[in-house]
């Protein structure tokens, strides 16, 4: 038994061979990879379903505006807690059993939300939904562990595309379902789909033979996550990049409804939600990032993506003048964010493949901080200074990320690719 967090930090593994040790002999086919992506998108969408439903939910349950606003806050707080306290369990438990258990508990939390009759029950259900939706990151780490290093970037790219598409389409789906059958139908439908995914994943996924439940106590597991950040400079840099790019991402998507709901557009909520379809196209187009990572081009991929991210704010600044330039900006931004995110996760997993869940969970804490920062700052800025100030905020975060990459690109080797031949 290990006695402290120093000993709990895993020894670096080269991981140059075949597929990860999880599920010995299991081949991650394209179909199963897509199943991972669907499960990730479905799970993370639960965090965002409530955003277009707040007014309706508040009216139905007699909630004050301040209390209604806490619905989103509590969901994100639950998600942040889950990233730190639940995702690391993937390094010491059978991930198949962990995924299925979390999905079934998520079904229960969604059922609580769908059947709630008081504000207190609703808020408890939303906090539980956020906490358990982090099964998304357990799935990302599991997919990476099941994949040979030469294909890991491609697989992580596909699975992460599911995450981004789930985030972008959640508002659209919830709005349509709520219009058809009421807001409770959103959570009932999600609970049914989540239960089905739990059954399918239980049948399809292999047992995680790499899990070593006796190797770490829970407290040591959490401390070792902090120790990994203290020791690994690449992890700290990539986490900071993640914070900045998701600040930019959230700056756009948390505030874009404001100018679109005003003249000259005066769009309905359904029409605004449809913009997520455009963003999803950009996210899916970023699958090339995974392939470039597999070829050892992570630095170049990051630099190009961050340059596109910074450039995206120029067309976005003209949102009030043209929907076409808005579409271009949205596609560029989502493509760039997805490319950096895929690269980040691929690189940090390669640092310590046997600590993949802790690495990805810790990294995603920074993602959550960036998302919250962008959302709060963007809505406040729009009220105070308009859309131009929002774009300036997004462009600043993007340029800071590009500058950080430029200053550090040669200072830390890429662990998964430093020994591979460059094309």
- Query: Here are 411, 398, 321: which of them is out of contact with any strand residue (DSSP E or B) (no Cβ under 8 Å at 6 or more places or on another chain), in a loop (DSSP other than H, G, I, E, B) and modelled with pLDDT of 90 or more?
  - Reply: 321
- Task: State all residues of the range 275-312 that are part of a loop (DSSP other than H, G, I, E, B) and touching a helix residue (DSSP H, G or I) at 6+ places or on another chain (Cβ under 6 Å); if no residue qualifies, say none.
- Result: 286, 287
- Query: When you look at residue 121, is it closer than 25 Å to residue 365 by Cβ, in contact with a helix residue (DSSP H, G or I) (Cβ under 8 Å, 6 or more places away or on another chain) and at pLDDT 95 or above, yes or no?
  - Reply: no
- Item | residue 282 being assigned by TED's automatic domain parsing to the domain that holds residue 393 and buried (at least 23 other Cβ atoms within 10 Å of the Cβ) | yes
- Does at least one position in the range 388-403 carry a residue that is over 30 Å from residue 264 (Cα atoms), surrounded by fewer than 16 Cβ atoms within 10 Å (Cβ to Cβ) and assigned by TED's automatic domain parsing to the domain that holds residue 243? yes
- Take residue 184 and decide whether it is surrounded by fewer than 24 Cβ atoms within 10 Å (Cβ to Cβ), touching a residue at least 40 places away in the same chain (Cβ under 8 Å), more than 22 Å from residue 99 (Cα to Cα) and touching a helix residue (DSSP H, G or I) at 6+ places or on another chain (Cβ under 9 Å). yes
- Could you please give the count of residues in the range 286-309 that are modelled with pLDDT of 85 or more and crowded, with 23+ Cβ neighbours inside 10 Å? 6
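The values are calculated or read from the model by the stated rules, or taken from the named source; none is laboratory data. Quick caveat, the model's predicted, so the values are computed rather than measured. Note that we place each Cβ from the backbone using ideal geometry, even for glycine, and neighbour counts take in every protein chain shown.
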